[in-house]
Amino acid sequence: MIAANDALCLFLMGERAQGQSHLEAGNALTRACKGTPLERQVARRLRQLTEVIQQKNPSSYSGKQIDPETASRVMKQAARFIEWMEETLPADEPE
């Protein structure tokens, strides 16, 4: 999700999230979409991004296990976010 978010930010504003916190990605997404037709969707996409990051951090950095229900929910949110990015970014043209 971070890589997809970075791709959209780079496409829209020529820069990606900076800093040590993954939560900065949400700030960058908000800035990138401001004033575009995507701005209406930002709140929903931020919730998806934030939920995944909030579950990822304890699991990745402290080894905390995620229960199957939470894991399923987080995977669905991640898939929806990435699907949105794929629909939003222009497709590569074959050479």
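The values are calculated or read from the model by the stated rules, or taken from the named source; none is laboratory data. For clarity, every value in this text was computed on a predicted model and none was experimentally measured. Glycine gets a Cβ as well: all are built from the backbone with ideal geometry, and neighbour counts include every protein chain shown.
Of the conditions (1) in a loop (DSSP other than H, G, I, E, B); (2) in contact (Cβ under 8 Å) with a residue 12 or more places away in the chain, GLY35 satisfies every one except a single condition; which number is it?
(2)
Given the conditions (1) over 16 Å from THR88 (Cα atoms); (2) in contact (Cβ under 8 Å) with a residue 40 or more places away in the chain, report the number of the one that GLN55 does not fulfil.
(2)
So, in the range 15-32, of the ones that are hydrophobic (A, V, I, L, M, F, W, C) and part of a loop (DSSP other than H, G, I, E, B), which residue ends up farthest from ALA3 (Cα to Cα)?
Ranking the candidates gives LEU23 first.
Anything in the range 41-86 that is among the charged types (D, E, K, R), in a helix (DSSP H, G or I) and either modelled with pLDDT under 90 or closer than 14 Å to GLY26 by Cβ (or both)? List them, or say none.
Of everything in the range 41-86, those that are among the charged types (D, E, K, R), in a helix (DSSP H, G or I) and either modelled with pLDDT under 90 or closer than 14 Å to GLY26 by Cβ (or both) turn out to be ARG44, ARG45, ARG47, GLU51, LYS56.
Taking only the range 31-55 into account, find how many residues are farther than 30 Å from ASP67 by Cα and not basic (Lys, Arg).
Qualifying residue count, the range 31-55: 7.
Kindly list, by first and then second residue, each pair from a residue in the range 65-79 that is of a type in the set (S, T, N, Q) to a residue that is assigned to a loop (DSSP other than H, G, I, E, B) and surrounded by 13 or more Cβ atoms within 10 Å (Cβ to Cβ), limited to pairs with Cβ atoms under 8 Å and residues at least 6 apart or on different chains.
The qualifying pairs do not exist here.
For the range 31-44, name all the residues that are surrounded by fewer than 19 Cβ atoms within 10 Å (Cβ to Cβ) and more than 11 Å from the chain's Cα centre (by Cα).
Correct list: ARG31, LYS34, GLY35, THR36, PRO37, LEU38, GLU39, ARG40, GLN41, ALA43.
Among (1) surrounded by 13 or more Cβ atoms within 10 Å (Cβ to Cβ); (2) of a type in the set (Asp, Glu); (3) in a loop (DSSP other than H, G, I, E, B), there is one condition ASP92 misses while meeting the rest; what is its number?
Evaluating ASP92 over (1) surrounded by 13 or more Cβ atoms within 10 Å (Cβ to Cβ); (2) of a type in the set (Asp, Glu); (3) in a loop (DSSP other than H, G, I, E, B) leaves (1) as the failure.
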